[in-house]
Amino acid sequence: MNTNEKITQERRLVTAIPGPKSIALQQRRSEVVSTGIATALPVFIERAHGAILVDVDGNQIIDCGSGIGVTTVGHTDARVVDAATAQLKAVTHTLMAVTPYESYVAVAEQLAKHAPISGQVKSILVNSGAEAVENAVKISRKYTGRSGVAVLNCAYHGRTQLTSTMNHKAAPYAAGFGPRAADVFRAPNSFPLHDGLSGEAAAARTIDHLEKTVSAGDLACLVAEPIQGEGGFVVPADGYLAALAKWCKENGIVFIADEVQSGIARTGTVYATEHFGFEPDLILSAKGIAGGLPLAAVTGRAEIMDCTGPGTLGGTFGGNPVSCAAAKAVFELIAEGTPQQNAQRVERVLGGGLRKLQEKHPAIAEVRGKGAMLAIEITKPGTLNPDKELVDKIIAHACKNGVLLLNAGLNYNVLRFLPPVKISDELIADVLAVIDEAFTAAASN
Ligand SMILES: *Cc1c(COP(=O)(O)O)cnc(C)c1O
């Protein structure tokens, strides 16, 4: 048995947060690790299982972040650990472009099977979400012979030069870092709480903006997160994405669904795209795909994926065998349906609980999201004016009490919940109680 399986699924504090060992490590870190790497909660983690993080001081913290949506199937899932361990002992690296191995092919088969794209579907494997976005744009440019890249308000696509240009927020991603990538164009998104538009009307606004400011014939691709992640778990109005996909098809624009955060069972389906009734041309996976190991994929229509020619795509570490073995284990779990069912349960239990909190705390303007990708937007009561200070207070209170919570949104006024989908109903109830307390405490000081 994996010894981590003995970690009890409960919150338990034995020191203040952060504890003395974490404080000492934070001191060591500050000497040698660049401040460019931020830290949401400075407790150093030693072990983890399911939805519980155990820090160096022995505190057990409920993880509502999953390392930003990575350990979706749970920390140190036995199946993932066993598969990766066996692979580690068998062979760790050859490079697909030098001498291939089966697990790369097996992962691509699973991606082809699950991608919500009809006809023949092919993939490439890379290291990170940003690298997947970069490659998808590159492939689209070659396929269309055009250079324009359309992105949406509230978007987040990564931290490379191209992807940081594609993000909505200049700071902290692109501001001050020199030239932005060329030919990236931003358009209004669908954000029902703030624009009140139907999917159809919001799509008409996006399309009109792009036609007038760029022209459809100059666009290689439109990149959209079906549910926006960093932007605040923005769920578009029904029909929005389908209308955009239709317009892309009519105008020869490649529709890229960036499912780096929303994909791989996170929202109760393998891809969030499935909730919205449309077909992208390319779909991107990363974060949750290998149960905690680094792996990402560009998956799409074979005609597009094959357009660049031999030797044009890839990289040294892309599709590492250990990561692929872990991803195979994740897809085995997906074949059994448990991560999807668990994400649906999280939506019922956590989503239901958050709606109850909304009745009690008027600062909660909206509860939104799907599956285990849920958020609450915090505003000054009775308005849509963001209340970042309250979010900061709630996160601080939760962290101090052993619940790791993250923010999101252009104004950092969204509390997002991305727990491992395995999180038990008991742990969810505990999280809700801590947040309820946090709102009450914030109101009284
Ligand atoms: C995290 C994220 C990325 C970037 O992925 P990295 O692995 O951090 O490079 C891209 N798109 C979306 C939607 C993301 O959430």
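The values are calculated or read from the model by the stated rules, or taken from the named source; none is laboratory data. Just so it is clear, the model here is predicted, and its values are computed rather than measured. With ideal geometry, Cβ positions are generated from the backbone for all residues, glycine too; neighbour counts draw on all protein chains shown.
State whether the residues of the range 176-195 include one that is over 24 Å from Ala302 (Cβ atoms), of a type outside the set (D, E, K, R), within 11 Å of the ligand (Cβ to nearest atom) and assigned to a loop (DSSP other than H, G, I, E, B). Checked the range 176-195: no residue is over 24 Å from Ala302 (Cβ atoms), of a type outside the set (D, E, K, R), within 11 Å of the ligand (Cβ to nearest atom) and assigned to a loop (DSSP other than H, G, I, E, B).
For the condition away from the ligand (no atom under 16 Å from the Cβ) and in contact with a Cys (Cβ under 6 Å, 6 or more places away or on another chain), what is the one hit in Ser34, Ser103, Ser118, Ser30? Answer to the selection: Ser103. Of the candidates Gly353, Gly318, Gly309, Gly291, the single residue that is over 13 Å from Val80 (Cβ atoms), buried (at least 22 other Cβ atoms within 10 Å of the Cβ) and of a type in the set (Gly, Ala, Ser) is Gly318. A single entry from Asp195, Asp183 fulfils the requirement of being more than 25 Å from Ile376 (Cα to Cα) and acidic (Asp, Glu): Asp183. Does the range 125-137 include one or more residues that are of a type in the set (Ser, Thr, Tyr), within 16 Å of the ligand (Cβ to nearest atom) and under 14 Å from Met305 (Cβ atoms)? No, every residue in the range 125-137 fails to be of a type in the set (Ser, Thr, Tyr), within 16 Å of the ligand (Cβ to nearest atom) and under 14 Å from Met305 (Cβ atoms). Of the residues making up the range 277-302, those that are more than 11 Å from the ligand (Cβ to nearest atom), of a type outside the set (Ser, Thr, Tyr) and closer than 26 Å to Pro420 by Cβ are Ile283, Ala290, Gly291, Gly292, Leu293, Ala297, Val298. Only residues that are within 16 Å of the ligand (Cβ to nearest atom) and at positive phi were counted in the range 37-78, giving 4. The residues of the range 261-281 that are touching a Ser or Thr at 6+ places or on another chain (Cβ under 7 Å) and surrounded by 24 or more Cβ atoms within 10 Å (Cβ to Cβ), listed by number, are Gly263, Ile264, Ala265, Arg266, Ala272, Pro280.
Cβ-Cβ distances below 7 Å connect no pair with a first residue in the range 129-157 that is free of Cβ contacts under 8 Å to residues at least 12 places away in the same chain, a second residue that is charged (D, E, K, R) and away from the ligand (no atom under 15 Å from the Cβ), and a separation of six or more residues or different chains. On inspection, Glu259 qualifies as touching a strand residue (DSSP E or B) at 6+ places or on another chain (Cβ under 7 Å), at negative phi and acidic (Asp, Glu).
Yes or no, residue by residue, for (1) in the same structural domain as Glu230 (by TED's automatic domain parsing); (2) within 22 Å of Glu259 (Cα to Cα); (3) buried (at least 17 other Cβ atoms within 10 Å of the Cβ); (4) at pLDDT 95 or above:
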position: Glu134; (1), (2), (3), (4): yes, yes, yes, yes
position: Ser140; (1), (2), (3), (4): yes, yes, yes, yes
position: Gly145; (1), (2), (3), (4): yes, no, no, yes
position: Val151; (1), (2), (3), (4): yes, yes, yes, yes
position: Gly158; (1), (2), (3), (4): yes, yes, yes, yes
position: Arg180; (1), (2), (3), (4): yes, no, no, yes
position: Arg186; (1), (2), (3), (4): yes, yes, yes, yes
position: His194; (1), (2), (3), (4): yes, no, no, yes
position: Leu197; (1), (2), (3), (4): yes, no, yes, yes
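For the range 122-149, a residue qualifies if it is under 21 Å from Ser323 (Cα atoms) and of a type in the set (D, E, K, R), and the qualifying residues are Lys122, Glu131, Glu134. Applying the set (1) more than 16 Å from the ligand (Cβ to nearest atom); (2) closer than 18 Å to Ser123 by Cα to Ala257 leaves exactly one unmet item: (1). The set of residues in the range 221-247 that are more than 16 Å from the ligand (Cβ to nearest atom) and surrounded by 24 or more Cβ atoms within 10 Å (Cβ to Cβ) comprises Tyr240, Leu244.
Please go through the range 260-276 and give me each residue that is small (Gly, Ala, Ser) and away from the ligand (no atom under 16 Å from the Cβ), ordered by number. Within the range 260-276, Gly268 is the sole residue that qualifies. Take the range 303-340 and flag every residue that is more than 20 Å from the chain's Cα centre (by Cα), on the phi > 0 side of the Ramachandran plot and within 16 Å of the ligand (Cβ to nearest atom). Once the filter is applied, which keeps residues that are more than 20 Å from the chain's Cα centre (by Cα), on the phi > 0 side of the Ramachandran plot and within 16 Å of the ligand (Cβ to nearest atom), the range 303-340 yields only Gly315. If the condition is being closer than 17 Å to Asp77 by Cβ and outside any loop (DSSP other than H, G, I, E, B), then the range 1-25 contributes Thr3, Asn4, Glu5, Lys6.
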